[in-house]
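Each remark here refers to the structure printed beneath this line.
Each value in this text was obtained by applying a stated rule to the coordinates, not by laboratory testing. Please read these numbers as outputs of a predicted model, since none were measured by experiment. All Cβ positions, glycine included, derive from the backbone under ideal geometry; neighbour counts span all protein chains shown.
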Amino acid sequence: MPLLRIDLYKGRTDTELKMLLDAVHRAMVTAFNVPERDRYQIVNEYAPTRMIMEDTGLDIPRTEKFVFIQVTTRPRTREEKQTFYRLTTEELERTCAIAPSDVMINCVTCDDEDWSFGYGRAQFLTGEL
Amino acid sequence: MPLLRIDLYKGRTDTELKMLLDAVHRAMVTAFNVPERDRYQIVNEYAPTRMIMEDTGLDIPRTEKFVFIQVTTRPRTREEKQTFYRLTTEELERTCAIAPSDVMINCVTCDDEDWSFGYGRAQFLTGEL
Amino acid sequence: MPLLRIDLYKGRTDTELKMLLDAVHRAMVTAFNVPERDRYQIVNEYAPTRMIMEDTGLDIPRTEKFVFIQVTTRPRTREEKQTFYRLTTEELERTCAIAPSDVMINCVTCDDEDWSFGYGRAQFLTGEL
């Protein structure tokens, strides 16, 4: 159920993008312990003038491979989030050659009642999930 | 005041899109009991490779008519949200022939102080709203 | 660290856009008292049919220069947010000739543990920030 908005610079092929999305999904499924089909990913791609991502003075180098992931999720523990950060960078480095310095993540929390996956029902409330 | 980000697959005409947005707005006004001009809708359209929306294993069929609505709102009751989910699918089915299985919704909550509608003022705090 | 999603109508040049983003960033750095390189801005531009922004009945005129800014941030005081609303409209009017009636802002709050700026670490938790 986490909804992932994934913001990238333009320039990837469809194949490269698919590998990237699969890598992020593997990290998410493991870190948050959710079903394999709990996959909701929305990708936007930007010219450099349309996405400015610096480093808060942390001296983190950014390249054109930079990935920003904004996750909207029901409550997750601090440990789950930290695991997600770590696994996502590991997966993206291993399978897509994206440097850990090029991966930024932000989580936004909502509640069980905040999701309807279809049919106009809130499946976490109806007992379907 | 709810802000609605509406994510769709590419392929709708302007007329079809307008009907869709009007339908969602009618459901929102009724469910949340807000003024008619409390309308803030932002639409993005995607190629299938850029928006992957599965079903958490709930066996919900998705088609190219799929609609995802992410609502940012001040606090709403559980009943208001459930009414919004139901009315939105009803309106979209009735006026746009979108199946209830093709409508997914997520709410994110913020506070009264989190909105400035113009003039640099927080209208929920100044008493204007 | 605030992450700013900035939604505009199409039609600005790169130079105009840069002035707009710089103006918003100055307001943000002052209002939230963050480092200069705490800059994370993502811009999307829309046809009028794809972004409908009315006024909740407040009688606020909107033009094609309209700017919507959605801020995701760790907790900020009410005063900080109100300062941000005021400074942003002042900066945009002074440097970009955007009317204060054309600036709408929304804040969404998350926690320190919700940010990883790179390397798979949560820098607010590790003591790096």
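When only the Cβ of Lys, Arg, Asp and Glu is charged (+1, +1, -1, -1), the dipole of region C:3-126 relative to its Cα centre reaches about 200 debye. How far is helix A:78-96 tilted off the main Cα axis of chain A, in degrees rounded to 10, range 0 to 90? Taking Cα atoms only, the helix is inclined about 50 degrees. Between copies, residue B:30 shows label-point distances of 4.7, 4.7 nm, shortest first, with the point placed 7 angstrom from Cα along Cα to C-beta. In nanometres and ascending order, the distances from the residue B:90 label point to those of the other copies are 4.9, 4.9 (point 7 Å from Cα along Cα→Cβ). Mean partner shielding of peptide A:34-42, defined as the number of other chain Cβ atoms within 10 Å of each residue Cβ, is 6.
Taking every alpha-carbon pair under 8 Å whose residues sit at least 6 apart, region B:6-124 reaches a relative contact order of 33 percent. Each 10 Å bin from 0 upward holds the following percent of the Cα-Cα pairs of chain C: 12, 42, 32, 13, 2. Excluding same-chain neighbours fewer than eight residues apart, the lysines reachable from residue A:65 by a Cα-Cα span under 23 Å are A:10, A:18, A:81, C:18. Helix B:14-32 and the longest principal axis of the Cα set of chain B meet at an angle near 50°. Farthest toward the positive end of the dipole of the protein assembly as shown, out of C:122, A:101, B:72, is the Cα of A:101, where the dipole comes from beta carbon charges about the Cα centre. Each Lys or Arg adds one and each Asp or Glu subtracts one; over the other residues with Cβ under 10 Å from the Cβ of residue A:2, this totals +2. The other copies place their residue A:16 label points at 3.1, 3.2 nm from this one, listed shortest first, where each point is 7 Å from Cα along Cα→Cβ. Per-peptide packing, taken as the mean over residues of other Cβ atoms within 10 Å, places C:114-121, C:19-26 in the sequence C:114-121, C:19-26 from highest down.
The distance between label points at residue B:129 and residue B:90 comes to 2.6 nm (points 7 Å beyond Cα on the Cα→Cβ vector).
Once the other residues with Cβ under 10 Å from the Cβ of residue C:50 are scored (Lys, Arg +1; Asp, Glu -1), what is the net sum? Once all neighbours under 10 Å are counted, the net charge is -3.
Restricting attention to the protein assembly as shown, close to 50% of DSSP beta bridges with both partner residues there are antiparallel. Taking every alpha-carbon pair in the protein assembly as shown and binning the separations at 10 Å intervals from zero gives 5, 24, 34, 27, 9, 0 percent. Of all beta-carbon atoms in chain C, the one sitting closest to the axis that brings chain C onto chain A gives C:108, 4, with the distance in whole angstrom.
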